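Asker: Please see the structure below; I have some questions.
The values are calculated or read from the model by the stated rules, or taken from the named source; none is laboratory data. What you see is a predicted model; the values in this text were computed from it and never measured. Because the Cβ atoms are built from the backbone with ideal geometry, glycine has one as well, and the counts that use them run over all protein chains shown.
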Amino acid sequence: MTQSEFLNMVMPFKDKVFRFSKRLLVSTEEAEDATQELFLKLWKNREKISSYKNVEAFAMTMTKNYCFDRLKSKQASNLSLVHSNYKETGTSLDKKTNLNDSVSIVHQLIAKLPEQQRMIIQLRDVEQYEYEEIGEMLDLKQTAVRVALSRARKTIKQQLIKQHNYGIK
Amino acid sequence: MESNRIDQLLVKYLDAETTLKEEALLQDYFQNSNVAPHLEEYRALFGYFAESKTERYTKAIQLNTEQKNLKWLSVAASVVLLFSVYTGYQNNQERKEAQIAFKSTQKAFQLLSKNMNKGTAAMAYLGAYETTTNKIFKQPVK
């Protein structure tokens, strides 16, 4: 496989990998590093890749594992990325969300979800994967994916209603 | 679209039973400006999803080529460093040898000149001896 063939194959999902790792690692820079690292890994394993039926799902699984490793090593070295006090600056999305309060509230609510629910809601509602694909990526049964997704959606909805009522009072 | 249908879809949505197509319908509905007031919370949620989708990885993906170059560069640099250290050492050694040789020749010349001075001092006596003999013995008249 040549470099350009490889890039043609992976380009369609590079943004998805980036957004997925950002959802897990929070920081844009960390997510950029993770994305770069991940594609390097894929490139090194290019001989194996061709035997996979669904390269994209395989890449997403690798992304998840890589991000979990990063998070673990951060905790181990006591340099944990504290989600609550980490402020994002300079990305276009955050500038936009600052303008739009309610959207940034959703952003915060999703960041507070358990990791698994956060991953599933990202993969389903942002990246629009089928339940079957999400199950393959996260090594879960479809029913488990649905249960977690339903929980995540309901939690966010309830929190939003709470915030909304609080705003009215 | 009727808000009745949307309500139904939202119930399914919360139970994670909607298909991707139905979720796309919901997405479309909430992107519109005419959202029923009791569904206002969902607008933020779907607005967030829509915005999240626009985020891009803008950097170029770099495969191993650059790292390889760096590796070779460092090998080359270390070779150059070793070579220069080696030649520098060699030069230094040569200079030291030259200095030693210079010192020993200097010593030799000093020895020579010392002995030479002794010799000339002895010659001075010889000169005095000659004048006295001249005084004693009459010089043949020319």
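Asker: Give just the number: which of (1) among the basic types (K, R); (2) part of a loop (DSSP other than H, G, I, E, B); (3) at pLDDT 90 or above does A:R151 not satisfy?
Answerer: All conditions are met except number (2).
Asker: Tally the residues that are facing chain B (nearest Cβ under 10 Å), hydrophobic (A, V, I, L, M, F, W, C) and under 13 Å from A:Y66 (Cβ atoms), restricting the search to the range A:1-53.
Answerer: The total comes to 7.
Asker: Right, here's the next one. Being surrounded by 12 or more Cβ atoms within 10 Å (Cβ to Cβ) and at the interface with chain A (Cβ under 8 Å from one of its Cβ atoms): is that true of B:Q62 here?
Answerer: Answer is yes for this residue.
Asker: To continue, here is another question. Assuming B:L45 fulfils every condition listed in (1) free of Cβ contacts under 8 Å to residues at least 24 places away in the same chain; (2) under 30 Å from B:L14 (Cβ atoms); (3) more than 14 Å from every other protein chain (Cβ to nearest Cβ) apart from one, which condition is it?
Answerer: Tallying (1) free of Cβ contacts under 8 Å to residues at least 24 places away in the same chain; (2) under 30 Å from B:L14 (Cβ atoms); (3) more than 14 Å from every other protein chain (Cβ to nearest Cβ), B:L45 fails exactly one: (3).
Asker: Condition test on A:A34, is it among the small types (G, A, S), out of contact with any strand residue (DSSP E or B) (no Cβ under 8 Å at 6 or more places or on another chain), at pLDDT 90 or above and over 17 Å from A:E133 (Cβ atoms)?
Answerer: When the stated conditions are applied, A:A34 passes them.
Asker: Find all pairs meeting these conditions: Cβ atoms under 7 angstrom apart; at least six residues apart or on different chains; first residue within the range B:1-13 and at negative phi; second residue outside any helix (DSSP H, G or I) and surrounded by 15 or more Cβ atoms within 10 Å (Cβ to Cβ).
Answerer: Going by the 7 Å Cβ cut-off, the qualifying pairs are B:L9/B:T18; B:K12/B:T18.
Asker: Right, next: Say whether the condition of being touching a His at 6+ places or on another chain (Cβ under 8 Å), of a type outside the set (D, E, K, R) and under 27 Å from A:A34 (Cα atoms) is met by at least one residue in the range B:69-76.
Answerer: no
Asker: In addition: With respect to B:Q90, is the statement that it is more than 27 Å from A:S21 (Cα to Cα), modelled with pLDDT of 90 or more and surrounded by 12 or more Cβ atoms within 10 Å (Cβ to Cβ) true? Steps first, answer last, please.
Answerer: Details: more than 27 Å from A:S21 (Cα to Cα): yes; modelled with pLDDT of 90 or more: yes; surrounded by 12 or more Cβ atoms within 10 Å (Cβ to Cβ): no.
No, not satisfied.
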